[in-house]
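All remarks here apply to the structure that follows.
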Amino acid sequence: MDLTWLTISGVIIGILIFALKVSLGCGLASLKRREVLFIATGYLGVSLLMGMAVELLPENALSAVLSTGMTVHFLVALLLIALGIMTARNWNSHHHDISRRTFWALSMPCPACLAASFISCSFLAGLVSIDPWKIGALVGIIFFASIVTFSGILGKIKSAPSTLGHAMIFLGLFYLMSMLLIPAYLNYQKISLAPMDLPVLDMAYSYLFITSIVAIGFLGRKKGAYL
């Protein structure tokens with residue numbers, strides 16, 4: 001497959017994943033169609049603005065944004081976990097639905113998603129001979145259609161509000177785990193491929209962390225300890 005089309009398909013898959021994240025909040029919180037359209041339109045507008053800003057934003061400004069990415073990633077993960085616990089516990093303990101007050105942690109544009117989308121627009125603009133604003137518009141249209149479609153599908157699933165809380169907790173833990181795994185992988189790319197140089201101990205700690213989380217969740221579920 002041509003490298004250009006392979007790159008474009010990778011960007012589209014990334015957009016669909018972000019749209020699914022947004023749709024989890026909209027669908028599991030049972031938002032009205034008008035509210036979903038409002039959020040999807042917001043992503044369309046933001047994507048268009050990002051496409052227009054590709055040629056205007058200086059490279060040092062983008063570097064400054066990326067340098068703070070890990071800190072923002074960590075804060076978003078903690079926010080997802082905290083609000084997820086609140087959502088699940090309020091429903092399981094008091095049958096009090098607060099999903100419409102907490103869904104925004106999944107559905108609103110997070111800095112990590114915005115940065116990734118901006119980088120995708122910038123990369124595609126340098127790869128294909130298309131005006132950046134047109135790329136932003138295309139990304140926005142994909143966002144809009146995907147959010148509306150995924151939210152409609154998830155909205156038809158009859159689930160308790162605690163399901164939204166569990167999804168937020170899962171994604172928050174995933175964000176934390178990615179902070180452990182991705183830097184280890186990037187550091188590995190900088191070193192020799194010789195067997196003696198493999199960061200086995202670091203990888204072992206990462207997998208132990210993941211296994212511990214899964215084991216705690218399994219034992220808690222088995223013992224009836226619900227959030």
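Using beta carbons and a limit of 9 Å, which pairs, at least six apart or on different chains, have the first residue in the range 31-55 and within 26 Å of S159 (Cα to Cα) and the second one in a loop (DSSP other than H, G, I, E, B) and among the aromatic types (F, W, Y)?
What qualifies is L31/F103.
Is one or more of the residues making up the range 123-143 under 23 Å from L80 (Cα atoms), assigned to a helix (DSSP H, G or I) and modelled with pLDDT of 85 or more? Give the derivation first.
If we filter the range 123-143 for residues that are under 23 Å from L80 (Cα atoms), which is where we start, we get 143.
Next, from what is left, pick out any that are assigned to a helix (DSSP H, G or I): 143.
Add one more test, that the residue is modelled with pLDDT of 85 or more, and what stays is 143.
Yes, the range 123-143 has at least one match.
Out of the residues in the range 144-181 that are more than 16 Å from the chain's Cα centre (by Cα), among the aliphatic types (A, V, I, L, M) and closer than 16 Å to L20 by Cα, which is modelled with the lowest pLDDT?
Among them, the one singled out is I157.
Among the residues of the range 114-129, what is the count of those that are surrounded by fewer than 20 Cβ atoms within 10 Å (Cβ to Cβ) and either in contact (Cβ under 8 Å) with a residue 12 or more places away in the chain or within 16 Å of the chain's Cα centre (by Cα) (or both)?
Quick first cut of the range 114-129, residues surrounded by fewer than 20 Cβ atoms within 10 Å (Cβ to Cβ) only: 114-116, 119, 123, 125-129.
With the extra rule that they be either in contact (Cβ under 8 Å) with a residue 12 or more places away in the chain or within 16 Å of the chain's Cα centre (by Cα) (or both), the set shrinks to 114-116, 119, 123, 125, 127-128.
Residues in the range 114-129 being surrounded by fewer than 20 Cβ atoms within 10 Å (Cβ to Cβ) and either in contact (Cβ under 8 Å) with a residue 12 or more places away in the chain or within 16 Å of the chain's Cα centre (by Cα) (or both): 8 in total.
Condition (residue is acidic (D, E), part of a helix (DSSP H, G or I) and either at pLDDT 85 or above or surrounded by 14 or more Cβ atoms within 10 Å (Cβ to Cβ) (or both)) applied to the range 18-41: is it met by at least one residue?
Our first condition is that a residue be acidic (D, E); within the range 18-41, this holds for 35.
Adding the requirement that they be part of a helix (DSSP H, G or I) leaves 35.
Applying the additional criterion that residues be either at pLDDT 85 or above or surrounded by 14 or more Cβ atoms within 10 Å (Cβ to Cβ) (or both) yields 35.
Checked against the condition, which is being acidic (D, E), part of a helix (DSSP H, G or I) and either at pLDDT 85 or above or surrounded by 14 or more Cβ atoms within 10 Å (Cβ to Cβ) (or both), the range 18-41 yields at least one hit.
Look through L186, L201, L193 and report the one residue that is assigned to a loop (DSSP other than H, G, I, E, B), at pLDDT below 55 and either more than 16 Å from the chain's Cα centre (by Cα) or more than 17 Å from V36 (Cβ to Cβ) (or both). Lay out the reasoning, then the answer.
Values: L186 fails: assigned to a loop (DSSP other than H, G, I, E, B); L201 fails: assigned to a loop (DSSP other than H, G, I, E, B).
Among L186, L201, L193, only L193 is assigned to a loop (DSSP other than H, G, I, E, B), at pLDDT below 55 and either more than 16 Å from the chain's Cα centre (by Cα) or more than 17 Å from V36 (Cβ to Cβ) (or both).
The values are calculated or read from the model by the stated rules, or taken from the named source; none is laboratory data. If you're wondering where the values come from, they're calculated on a predicted model, not measured in any experiment. All Cβ positions, glycine included, derive from the backbone under ideal geometry; neighbour counts span all protein chains shown.
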